[in-house]
1. Out of the residues in the range 348-403 that are in a helix (DSSP H, G or I) and in contact with a strand residue (DSSP E or B) (Cβ under 6 Å, 6 or more places away or on another chain), state the one that is surrounded by the most Cβ atoms within 10 Å (Cβ to Cβ).
2. For the range 42-94, give me each residue that is part of a strand (DSSP E or B) and within 19 Å of L107 (Cβ to Cβ).
3. Suppose we keep only residues that are within 13 Å of the ligand (Cβ to nearest atom) and in contact with a His (Cβ under 7 Å, 6 or more places away or on another chain) within the range 101-121. Which one would you say is farthest from F133 (Cα to Cα)?
4. List the residue pairs whose Cβ atoms are under 6 Å apart, where the first residue sits in the range 159-178 and is at positive phi, the second is among the small types (G, A, S) and at pLDDT 95 or above, and the two are 6 or more positions apart or on different chains.
5. Would you point out the residue of the range 206-227, among those that are in a loop (DSSP other than H, G, I, E, B) and either buried (at least 24 other Cβ atoms within 10 Å of the Cβ) or β-branched (V, I, T) (or both), that is farthest from the ligand (Cβ to nearest atom)?
6. Go through the range 133-191 and give me each residue that's more than 16 Å from the ligand (Cβ to nearest atom), crowded, with 24+ Cβ neighbours inside 10 Å and either aromatic (F, W, Y) or more than 26 Å from the chain's Cα centre (by Cα) (or both).
Amino acid sequence: MITAEQLKQPVEAIRPLQEFVPFSPPLVGAEEIAEVVDTLKSGWLTTGPKTERFEKAVGEYCGAKHVLAVNSCTAALHLALNGLDIGPGDGVITTPFTFASTGHAILYQRARPFLVDVEPATFNLDPEKVRLFLEKECRTGGKDGRPRHKETGLTVKALLPVHYGGHPCRMTELLALARDYNLAVIEDAAHAIGAEYRGRRIGALGRLTCFSFYATKNLTTGEGGAVLTDDVELARRLRILSMYGISDARRIWKRYAPKGSWVYDVVDLGFKYNMMDIQAALGLHQLAKLETFITRRTENAGIYNQVLSDLDLVRRPTVQGYARHAWHLYPILLELERLDLSRDVFIERLKEHNIGTSVLFIPLHFHSYYRQVLPYREGDFPVAEDIFRRLVNLPVSPALSKETIVQVAETTAGLIEEHRR
Ligand SMILES: *Cc1c(COP(=O)(O)O)cnc(C)c1O
């Protein structure tokens, strides 16, 4: 492993990366390819037996009773909010430090996102600040026990925390607030399949949990997602809503089987959010490999931790005692005050050295659309904003070899050291 002496050497002395290292390449093997081919040859391409098997397998892995596989996490979040009848006149507490998807899903329902700042250690929704929002900015005492936002009169109906980077939120505190204020907890677990909170897998904690199986995520079906719940009635409702609102959606794919029937009834204004068997074919094998993937991600994070440990110019991510981290992301924060280059220039320098990075996320309230529709301004969420300004996400995918990660880590460390003020 790299020594303190080596760290002081200029970057040129470090083995250069010959090829560009992509930020988050998927890891798809022969098993996935064979399964997709099998699906293509089977004569059944869309939602069918493989989707059903994938749903069961995800449920068993996470310890959730009901799983509905859908075509994205955005769809999963939208279904969750729709299924809980969150709509105009309602508000949902969420974090500014997330992807547009989280805020969009709330806005699709014509409900209002109430943003609350994150905690510095995990970049996750800060339960203490949520409590302050509920106590100070809301009025309670209505029949339903739900808080009314004083300024807008909206009813706060749900908490929508995001397990940033695969590190679980402080669920005990958030679930306690949800109980006290009669709020539903919908988890945006787009990064967090396989993560654990106090020994329990994400997926079995809140009322509803939403996963993403997008191409860059820890488990991929190309595009895809799932919504999990232990509530049988809610699960049934979401399944119907995911298929146009057609009753008995579970059996719909059997309509064309010998014993199927042509009769169907549309009972609700549902959506077209179902997952195809081609996607589930990928998912079945990705899920079987997920533990190995997370082990590899953890090893990659360990390499960064070790190589960057002596460097006082960056803050490394930490893992809270309650958590098993799924390491979807490896975020570092630059001590910009002690560097002679900006975060953006640093990213360019990394690119010149063949290292692909990202900045996840640009806070929601910084986007022009969100500036138009929500009353927030720069300065409203100082913790999220400070994280964003210093943030660089390094590649941590299991598709990258340990040697590559060592080189990325050494190059990153060398570059930072070169720019000490
Ligand atoms: C990727 C992502 C989503 C959206 O996932 P899709 O499957 O692409 O819809 C939602 N929330 C977060 C935090 C994400 O990173």
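1. Within the range 348-403, the match that is surrounded by the most Cβ atoms within 10 Å (Cβ to Cβ) is A384.
2. Correct list: V70, D90, G91, V92, I93, T94.
3. The residue in question is Y108.
4. G166/A192; G166/A195; G166/A326
5. G206
6. P147
For every residue, the table says whether it meets (1) within 16 Å of the ligand (Cβ to nearest atom); (2) among the hydrophobic types (A, V, I, L, M, F, W, C).
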| position | (1), (2) |
| --- | --- |
| L329 | yes, yes |
| E335 | no, no |
| V359 | yes, yes |
| V373 | no, yes |
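Results for (1) of a type outside the set (G, A, S); (2) under 30 Å from L238 (Cβ atoms); (3) in contact with a Cys (Cβ under 6 Å, 6 or more places away or on another chain), shown as yes or no for each residue.
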{"residue": "K272", "(1), (2), (3)": "yes, yes, no"}
{"residue": "Q306", "(1), (2), (3)": "yes, no, no"}
{"residue": "Y322", "(1), (2), (3)": "yes, yes, no"}
{"residue": "A326", "(1), (2), (3)": "no, yes, no"}
{"residue": "E352", "(1), (2), (3)": "yes, no, no"}
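The values are calculated or read from the model by the stated rules, or taken from the named source; none is laboratory data. Keep in mind that what you see is a predicted model, and the values were worked out from it rather than measured. Using ideal geometry, Cβ is built from the backbone for each residue, glycine included, and neighbour counts are taken over all protein chains shown.
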